[in-house]
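The values are calculated or read from the model by the stated rules, or taken from the named source; none is laboratory data. Predicted model only: the values in this text are computed from it and were never measured. Cβ coordinates were reconstructed from backbone atoms using ideal geometry, including for glycine residues, and neighbour counts include every protein chain displayed.
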Amino acid sequence: MRKILITGGAGFIGSHTAVELWNSGLEPIILDDLSNSSAGVIDSLEEITGKRFAFYQGDCNDRSLLEKISGEHEITGVIHFAAFKAVGESTAFPLKYYKNNVGSLLVLLDWMKEKNIKDLVFSSSCTVYGQPEVLPVTEATPRQEAESPYGNTKKICEDILVDFVKSKPGIRVISLRYFNPVGAHPSSKIGELPLGTPNNLVPFITQTAAGIRKKLTVFGDDYPTPDGSCIRDYIHVVDLADAHLRAISYLKNQAMDFYDVFNVGTGRGNSVLEVIQAFEKVSGEKLNFEIGPRRPGDVIQVWADTTKINQVLGWYPKFSLEDSMRDSWNWQKTL
Ligand SMILES: NC(=O)c1ccc[n+]([C@@H]2O[C@H](COP(=O)([O-])OP(=O)(O)OC[C@H]3O[C@@H](n4cnc5c(N)ncnc54)[C@H](O)[C@@H]3O)[C@@H](O)[C@H]2O)c1
């Protein structure tokens, strides 16, 4: 069985990816420092899959820990999720973000080269596109100057990967640019665990409906969109996990020193107000929300052109926005 190291594997997207890998005959080895997740996720993964995955609690900037892992397992590929992701915090503490997000990639690449570990899938983000002039965005859409240190770490990491592959280290890499991951595992055993006040819309919606937050504020209804609220491309986390499985499997059949990048979204944009409506419909809950002023730095609208990932990786999303809202709500209820 091919063993794949999942850094950040106890986190939101990493944990769902571990399940999809296992279901397809790959063995996840999880490395996570639990800075934004909990050890209970490893138990939940066992409940879902019936398998206790090898778990290393530690920092993927720690080279000696990586040595220990490669000493104990024959790792053939890596999916690198581990990163800090709070945009606002990254503005207040940029060095923390550069050190963790960029630093960990450098340590990993050096280790992979030395240990002859060939395949890497990297978590990038549609944030690299900023507010594109033409929609939907393709992978050829020019990247824009990042709005935050967090966004910049994703751009820098992509650039590092391009340069590294050019140096012919004997490695194959795919960067996946995620749009807006939402939803939870249909079993309701794993999902997003935002610590403190959520930065993302859907956890805010479900927490408001659950009574944890009083009210949801919609940031602006006077944008040049059909209903005036911002538009994003919401992708169910299980579909996103499946994209990682396809990417890591595809890499195995490529020549060495390969690099490519794929958008992962549904190809559809939904407005904030449409997401609220979808939530109310599937949950039967009336959401307490108000319209507030625009939030500085918000992109008006962005959604993906997914032709490339459809054609090259044979990947298509299976879940609808309503499925995502149902699974997010069920997850919130178990929390
Ligand atoms: N969720 C999103 O909206 C989104 C969108 C685009 C890209 N991404 C990227 O996808 C990746 C995963 O995001 P997520 O939503 O699952 O986040 P998450 O915070 O739930 O998961 C990240 C995991 O990495 C761990 N971690 C962080 N730094 C670490 C380190 N140095 N060593 C070991 N573990 C470490 C955290 O404890 C956490 O479990 C991140 O790279 C993120 O930037 C996320």
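Is it true that LEU95 is more than 10 Å from the ligand (Cβ to nearest atom) and crowded, with 18+ Cβ neighbours inside 10 Å?
Details: more than 10 Å from the ligand (Cβ to nearest atom): yes; crowded, with 18+ Cβ neighbours inside 10 Å: no.
No.
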Going through segment 282-306 one residue at a time, which ones are aromatic (Phe, Trp, Tyr) and surrounded by fewer than 19 Cβ atoms within 10 Å (Cβ to Cβ)? PHE289
Read through the list (1) part of a loop (DSSP other than H, G, I, E, B); (2) within 13 Å of the ligand (Cβ to nearest atom); (3) at pLDDT 95 or above, then give the number of the only condition that ASP221 fails. (2)
Selected residue [within 16 Å of the ligand (Cβ to nearest atom), under 17 Å from the mean Cα position of the chain (by Cα) and hydrophobic (A, V, I, L, M, F, W, C)] from CYS230, CYS157: CYS157
Residue, nearest to the chain's Cα centre (by Cα), within segment 60-92, restricted to residues that are away from the ligand (no atom under 14 Å from the Cβ) and surrounded by 15 or more Cβ atoms within 10 Å (Cβ to Cβ): GLY77
Of ILE6, ILE30, ILE13, which residue is near the ligand (Cβ under 6 Å from one of its atoms), under 17 Å from the mean Cα position of the chain (by Cα), crowded, with 19+ Cβ neighbours inside 10 Å and of a type in the set (A, V, I, L, M, F, W, C)? ILE13
Matching residues in segment 163-178 - criterion: being among the basic types (Lys, Arg) and surrounded by 17 or more Cβ atoms within 10 Å (Cβ to Cβ): ARG172, ARG177
For segment 180-201, check the following and say yes or no: at least one residue is outside any loop (DSSP other than H, G, I, E, B) and more than 12 Å from the ligand (Cβ to nearest atom). no
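Report yes if GLU20 is free of Cβ contacts under 8 Å to residues at least 60 places away in the same chain, more than 10 Å from the ligand (Cβ to nearest atom), at negative phi and part of a helix (DSSP H, G or I), otherwise no. Spell out the reasoning first.
Values: free of Cβ contacts under 8 Å to residues at least 60 places away in the same chain: no; more than 10 Å from the ligand (Cβ to nearest atom): yes; at negative phi: yes; part of a helix (DSSP H, G or I): yes.
When the stated conditions are applied, GLU20 does not pass them.
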Listed by range, helices (runs of 4 or more DSSP H) wholly within segment 232-335 having at least 3 residues that are aliphatic (A, V, I, L, M) are 237-251, 272-283, 307-313
Could you list, ordered by first residue, the pairs with Cβ atoms under 8 Å in which the first is in segment 248-269 and acidic (Asp, Glu) and the second is surrounded by 19 or more Cβ atoms within 10 Å (Cβ to Cβ), at least 6 apart or interchain? ASP257/VAL165; ASP257/ILE171; ASP257/ARG172; ASP260/VAL173; ASP260/ILE174; ASP260/SER175
Quick check: is even one residue across segment 22-33 of a type outside the set (Ser, Thr, Tyr), touching a helix residue (DSSP H, G or I) at 6+ places or on another chain (Cβ under 6 Å) and more than 25 Å from TYR150 (Cα to Cα)? yes
Exactly one of these conditions fails for ASN310: (1) in contact (Cβ under 8 Å) with a residue 24 or more places away in the chain; (2) surrounded by fewer than 17 Cβ atoms within 10 Å (Cβ to Cβ); (3) among the polar types (S, T, N, Q). Give me its number. (1)
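Report yes if ASN288 is modelled with pLDDT of 95 or more and closer than 30 Å to THR76 by Cα, otherwise no.
Taking the combined requirement at face value, the residue does not satisfy it.
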Which residues, counting only those in segment 43-59, are surrounded by 15 or more Cβ atoms within 10 Å (Cβ to Cβ) and either among the hydroxyl-bearing types (Ser, Thr, Tyr) or more than 11 Å from the ligand (Cβ to nearest atom) (or both)? SER44, LEU45, ILE48, THR49, PHE53, ALA54, PHE55, TYR56
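Of these, GLY25, GLY71, GLY14, which one is modelled with pLDDT of 95 or more, part of a helix (DSSP H, G or I), out of contact with any Asp or Glu (no Cβ under 6 Å at 6 or more places or on another chain) and closer than 25 Å to HIS236 by Cβ?
Details: GLY25 fails: part of a helix (DSSP H, G or I); GLY71 fails: closer than 25 Å to HIS236 by Cβ.
Only one candidate qualifies: GLY14.
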Of the numbered conditions (1) in contact with a strand residue (DSSP E or B) (Cβ under 6 Å, 6 or more places away or on another chain); (2) surrounded by fewer than 23 Cβ atoms within 10 Å (Cβ to Cβ), PHE122 fails exactly one; give the number of that condition. (2)
